[in-house]
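S.K.: Dumping the structure here so I can ask a few things about it.
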Amino acid sequence: MNTLSTFLRSFAAALAVTILLTGCGQDGGSSGQGETQLNMVTVNWIEGLAMTYMQEQIVEDSLGIEAGVKEVQGRGLAFSSVASGDRHFFNEAWLPTTHRENWQKTKGSLQKLGYTYRGTSVGLAVPTYMEVDTITDLRAYRQALDGTINGIEAGASINQQTRQTLKKYGMDDEFSVLAASGPATWQALETAIQEKTPIVVVAWYPHWKWTEFDLKYVDGAHTGHNVDIWGYPEDIFTLVDNGFVERFPKDVVCFLKEFEVNDKQVLSLMSAFRNRGEASKPEAAAQWIENHPDAVSTWMEQTRACVASDTMPQPLPDSAAYSTRRAQKNDGASLHQPGDPLASGQ
C-alpha cells in the first residue's frame, strides 16, 4: 500500500488518542481487539469497485488492519459470500427493489450497517437525439434496433425488469434483451452515439455514462414509473454479517458505517478508475485519496466522533429505505433523475 499522506497520518494518530482516552479497548469489538483481517467483496460495477479499493486503502493505512478485495461476477455471489462468512463486507446492495431477491434469500445472515449512497435510479435510456419519450415510442425504431435492447450480465435484475415491462406493454414479441458485460454494453453505446444511430441500453445512476453522453430515461421504464416493476428511488447499503459489529475493532466499524459518498465524490472516483491507464486499482484509489483530502477528512472526522461515543455503532433496521420512504411521502415528487441530488449533502 502507498504511504499515508500527512493528513491521513494525523487522523490515524487522533483516532488512536481518542481510543485511549475513551477506554474503547475495554470491550469486545473495540479498536485494538477483534478481527485483524477485513475481507471485502465487490462486483465488476465501476462505482462499487472504485469505492471498495478506496476503502481498502484507508482501512489498511489509517486504521491499521489488513484488508483484501475479492472481485466476483454478479451480485448473487457478493451477497452469498458475506452471508456465508467467506467475506465480511459488501458496499453495493441496491435496496429495496433492485437486489430484493438476493436480500430476501440472505437477510437472516446479513445486516445493513449503513448507507453508501442515497437516491439511485434505474431504467432504460436512449440518446437524446432519438425521438423517444415513452417505451411504446420504441416501436418506431424496432427495425433500426433489430428488436434489441442492450442489457448487462445474464441474471441481472435490470434485465428482468426490462422483460417484465416489455410484457406489460405487449412488446415482448417485438423486442428482446441482449445480455452482455457492462463494458461491452457501454462500448456499444459509445459506438452508436459516435455514429448517431439508435440504441437502447439498461441504465442506472450513479454511473459515469450520464456525464459522458447525452442520455434520457424512457418513460414507463424507469424508477418511479410502473413502480410494481421499477420501484421508487433506492439507496445503496453497506452489508455485513450478523456478528461483524462485535468482532471488528470499533474504528473499523465506525468508518464503514459512517462512509457515505455524494454525487461529486462517486463520479470523480469512477472517473479516476476509468482513466487510470497503467495504474493498478489500488494505485488509482491511493491517488484519488491524495487528490481529495477534504472528502477523506470528513469521513475520518465522522469516524473519530463515532469512536468517541460511549455506545457501539448499531446497524440500520432491515426496513431502512430513506429514499423510497421520501418519494412515497411526496407521492413520487422527489424522484432522483441523473445529476439531481436527492439526499442531504449531495
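Just so you know, all these numbers are worked out from the coordinates, no wet-lab data involved. Quantities reported herein were computed from a predicted structural model and do not represent experimental measurements. Here the Cβ is made from the backbone with ideal geometry for all residues, glycine too, and neighbour counts use every protein chain on show.
S.K.: What FRET efficiency do you get for Thr148 and Ser309 if R0 is 51 Å and r is their Cβ-Cβ distance, rounded to the nearest 0.05?
M.R.: Details: r = 53 Å, r/R0 = 1.05.
Efficiency computed from Cβ-Cβ geometry: 0.45.
S.K.: Which value in nm describes the separation of the simple spin-label points at Ser297 and Thr136, placed 7 Å from the Cα toward the beta carbon?
M.R.: 5.6 nm
S.K.: Using 1/(1 + (r/R0)^6) with R0 = 35 angstrom and r between the beta carbons of Lys196 and Lys167, what's the FRET efficiency to the nearest 0.05? Write out the running numbers ahead of the final one.
M.R.: Details: r = 30 Å, r/R0 = 0.87.
Efficiency computed from Cβ-Cβ geometry: 0.70.
S.K.: Moving on to the next point. Cα-Cα over 27 Å: which of Lys105/Lys257; Lys107/Lys168; Lys70/Lys105; Lys168/Lys264; Lys70/Lys216?
M.R.: Numbers: Lys105/Lys257 23 Å; Lys107/Lys168 30 Å; Lys70/Lys105 21 Å; Lys168/Lys264 36 Å; Lys70/Lys216 34 Å.
Over 27 Å Cα-Cα: Lys107/Lys168; Lys168/Lys264; Lys70/Lys216.
S.K.: Counting alpha carbon pairs within less than 8 Å and at least 6 residues apart, what relative contact order, in whole percent, applies to the range 22-163?
M.R.: Details: 124 pairs, mean separation 27.6, N = 142.
Relative contact order, the range 22-163: 19 percent.
S.K.: Would you calculate the separation in nanometres between label points at Glu66 and Ala279, each defined as 7 Å from the Cα along the Cα-to-beta-carbon direction?
M.R.: The modelled label-to-label distance comes out at 2.6 nm.
S.K.: Continuing with the same structure: Just want the answer: with Cβ charges of +1 for Lys and Arg and -1 for Asp and Glu, which residue in Asn291, Leu95, Trp208 is farthest toward the dipole's positive end in the chain?
M.R.: Leu95
S.K.: Considering only Pro198, Leu166, Gln187, whose Cα is most displaced toward the positive end of the charge dipole of the range 121-230, charges sitting on Cβ of Lys, Arg (+1) and Asp, Glu (-1)?
M.R.: Projecting each Cα onto the dipole axis, the largest value belongs to Leu166.
S.K.: Full extension from Thr36 to Lys105: what is 0.36 nm times the residue separation minus their Cα-Cα distance, to one decimal in nm?
M.R.: Details: separation 69, 0.36 × 69 = 24.84 nm, distance 2.87 nm.
Length difference between fully extended and current span is 22.0 nm.
S.K.: In debye, nearest 20: dipole of the range 121-230 around its Cα centre with unit charges on the Cβ of K, R (+) and D, E (-)? The partial results should precede the final answer.
M.R.: Values: 8 positive and 14 negative charges, 31 e Å.
In total the dipole reaches around 140 debye.
S.K.: Would you mind computing the Rg to Rh ratio of the range 121-230 from its alpha-carbon coordinates, Kirkwood style for Rh? Please report the intermediate quantities before stating the final value.
M.R.: Details: Rg = 12.5 Å, Rh = 13.7 Å.
Value, to two decimals: 0.91.
S.K.: On to the next question. With a 10 Å Cβ neighbour count serving as the proxy for reagent exposure, in which order, fewest first, do Cys254, Cys306 appear? Write down the numbers at each step before the final one.
M.R.: Working: Cys254 28, Cys306 19.
With the sparsest Cβ surroundings first, the list reads Cys306, Cys254.
S.K.: Right, something else. At 222 nm, what helix-only mean residue ellipticity would the chain give, in deg cm²/dmol to the nearest 500, using -39500 (n - 2.57) for each DSSP H run of four or more?
M.R.: Details: 15 runs with 150 residues, N = 346.
About -12500 deg cm²/dmol.
S.K.: To one decimal place, what Kirkwood hydrodynamic radius in Å is obtained for the chain from all pairs of distinct Cα atoms?
M.R.: Details: mean 1/r = 0.0475 Å⁻¹.
With all distinct Cα pairs of the chain included, I get 21.0 Å.
S.K.: Of Met54, Met40, Met171, how do they rank once you tally other Cβ atoms within 10 Å and put the fewest first? Don't skip to the answer; put the middle values down first.
M.R.: Numbers: Met54 26, Met40 21, Met171 17.
Least crowded to most crowded, the residues run Met171, Met40, Met54.
S.K.: Dipole of the chain, Cα-centred, from +1 at each Lys and Arg C-beta and -1 at each Asp and Glu C-beta, to the nearest 20 debye? Each step should come with its number before you reach the end.
M.R.: Working: 28 positive and 42 negative charges, 95 e Å.
Roughly 460 debye, rounded to the nearest 20.
S.K.: Here's a follow-up. Counting only C-alpha contacts under 8 Å and six or more residues apart, can you give the relative contact order of the range 216-314 as a whole percent? Mind showing how you got there, number by number?
M.R.: Details: 53 pairs, mean separation 30.1, N = 99.
Computed over the range 216-314, the figure is 30 percent.
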